[in-house]
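Peer 1: If you scroll down you'll find the structure; I have some questions about it.
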Amino acid sequence: MLLRNLLFQAVRRIASDPRVQQKAAATYDQEVKPRVQGAGRFAKDNIDFARRELTDIAEETSPFENPGGFLRKARQRLFDSRELNKTDETED
């Protein structure tokens, strides 16, 4: 309990140091923020791709009339194409 209190006090002192705050802000702006933005763009691209594919599949096979066929086509086009893309990327 005493050790935990000492550690929390040390962390509070370190966090209140303006130099540490400046370094943390610079690290966030230079390293964290660009990575998060890149991951967000990557996720948005994947979601848009999946939305287009599912719309195309729904036009071909009705999810209400033939749910099994719809799911089979969706699995094949979404997951199998992703595996093909992975092999294409590694060959480059």
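Any read-out appearing in this document is the output of simple, stated calculations on the displayed coordinates, not a laboratory observation. None of these values were measured; they are calculated from a predicted model. Neighbour counts run over all protein chains shown; Cβ positions are idealised from the backbone, glycine included.
Peer 1: Per the helix-only calculation at 222 nm, which mean residue ellipticity applies to the chain, given -39500 (n - 2.57) for every DSSP H run of n ≥ 4 and division by its residues, nearest 500 deg cm²/dmol?
Peer 2: Here the helix-only value at 222 nm equals -26000 deg cm²/dmol.
Peer 1: Then there's this: Helix 18-27 versus the longest principal axis of the chain: what is the Cα-based angle in degrees, 0 to 90, to the nearest 10?
Peer 2: So the helix axis and the longest Cα principal axis differ by about 20 degrees.
Peer 1: With axes computed from alpha carbons, what is the tilt in degrees of helix 2-16 against the longest principal axis of the chain, rounded to the nearest 10 within 0 to 90?
Peer 2: Value to nearest ten degrees: 80.
Peer 1: Lysine pairs in the chain 8 or more apart or on different chains: how many have alpha carbons under 26 angstrom apart?
Peer 2: Total qualifying Lys-Lys pairs in the chain comes to 5.
Peer 1: Same structure, new question: Which of the peptides 70-79, 56-65, 7-16 is most tightly packed, and how do the rest follow, judged by the mean count of other Cβ atoms within 10 Å per residue?
Peer 2: Result, highest mean first: 70-79, 56-65, 7-16.
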